[in-house]
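Engineer: Would you mind keeping the following structure in view while I ask a few things?
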Amino acid sequence: MFFVPFIREKLVKEAIEKNHCVTARLISSGDVIRDHGELGFSSSEKTAATYRYEYEGKTYTRRFVGNTRMPNEITLYFQRKPSRATTAIQLGLSESRWFLHYTIISIISTIVIIVFEVINYV
């Protein structure tokens with residue numbers, strides 16, 4: 001999560017090289033409405049849009065929320081799963097192997113701490 005912004009350009013280039021990019025078309029969009037209880041409803045000034053795209057004969061849909069009017073077509077990228085395709089700005093956040101990274105860092109930290117403790121007692 002912390003290093004993804006620094007490698008995002010690399011992730012986009014890799015997705016393009018692997019042909020892991022698709023063009024998604026807008027199927028519906030509308031304002032996101034806030035419920036204020038007894039006071040009623042109001043616009044949140046955000047737009048929700050649903051996009052549809054195809055990859056290798058399968059059709060996928062994705063929903064995005066933005067502060068501006070959503071374009072009719074967008075390019076989406078993915079690392080491994082076409083169902084998790086996302087924009088270039090968000091690439092790397094949803095498909096990262098965080099559990100694997102966390103496990104490796106935890107094991108290395110544990111070993112380092114044990115080694116330093118053994119060295120200090122000897």
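Engineer: Restricting the search to the range 35-88, which residues are surrounded by 10 or more Cβ atoms within 10 Å (Cβ to Cβ) and of a type in the set (Val, Ile, Thr)?
Structural biologist: Thr47, Thr50, Thr61, Val65, Ile74, Thr75, Thr86, Thr87 - these are the residues of the range 35-88 that are surrounded by 10 or more Cβ atoms within 10 Å (Cβ to Cβ) and of a type in the set (Val, Ile, Thr).
Engineer: Considering every residue within the range 20-38, establish whether at least one is over 18 Å from the mean Cα position of the chain (by Cα), more than 25 Å from Tyr51 (Cβ to Cβ), among the acidic types (Asp, Glu) and at pLDDT below 85.
Structural biologist: Step one: of the range 20-38, the residues over 18 Å from the mean Cα position of the chain (by Cα) are 25-38.
Now restrict to residues that are more than 25 Å from Tyr51 (Cβ to Cβ): 35-38.
Checking the rest, the ones that are also among the acidic types (Asp, Glu) come to 35, 38.
Now drop any that are not at pLDDT below 85, which leaves 35, 38.
Within the range 20-38, one or more residues are over 18 Å from the mean Cα position of the chain (by Cα), more than 25 Å from Tyr51 (Cβ to Cβ), among the acidic types (Asp, Glu) and at pLDDT below 85.
Engineer: Would you be able to tell me the number of residues in the range 47-69 that are in a loop (DSSP other than H, G, I, E, B), under 18 Å from the mean Cα position of the chain (by Cα) and more than 21 Å from Arg8 (Cβ to Cβ)?
Structural biologist: Looking only at that region, the number is 0.
Engineer: In the range 18-46, which residues are of a type in the set (D, E, K, R) and in a strand (DSSP E or B)? Can you show your working first?
Structural biologist: At the first step, the residues of the range 18-46 found to be of a type in the set (D, E, K, R) are 18, 25, 31, 34-35, 38, 45-46.
Result: Arg25, Asp31, Arg34, Asp35, Glu45, Lys46.
Engineer: Of all residues in the range 80-122, how many are at pLDDT 85 or above, closer than 30 Å to Glu54 by Cβ and of a type in the set (Gly, Ala, Ser)?
Structural biologist: Residues meeting the conditions: 2.
Engineer: If you don't mind, another one. Pick from Ser29, Ser83: which is out of contact with any Gly (no Cβ under 6 Å at 6 or more places or on another chain), of a type in the set (Gly, Ala, Ser) and within 28 Å of Ile7 (Cα to Cα)? Steps first, answer last, please.
Structural biologist: Values: Ser29 fails: within 28 Å of Ile7 (Cα to Cα).
When all the criteria are applied, what remains is Ser83.
The values are calculated or read from the model by the stated rules, or taken from the named source; none is laboratory data. It should be emphasised that the depicted structure is a prediction, and the values quoted were computed from it without experimental measurement. Heads up, the Cβs are rebuilt from the backbone with ideal geometry, glycines too, and the neighbour counts pull from every protein chain shown.
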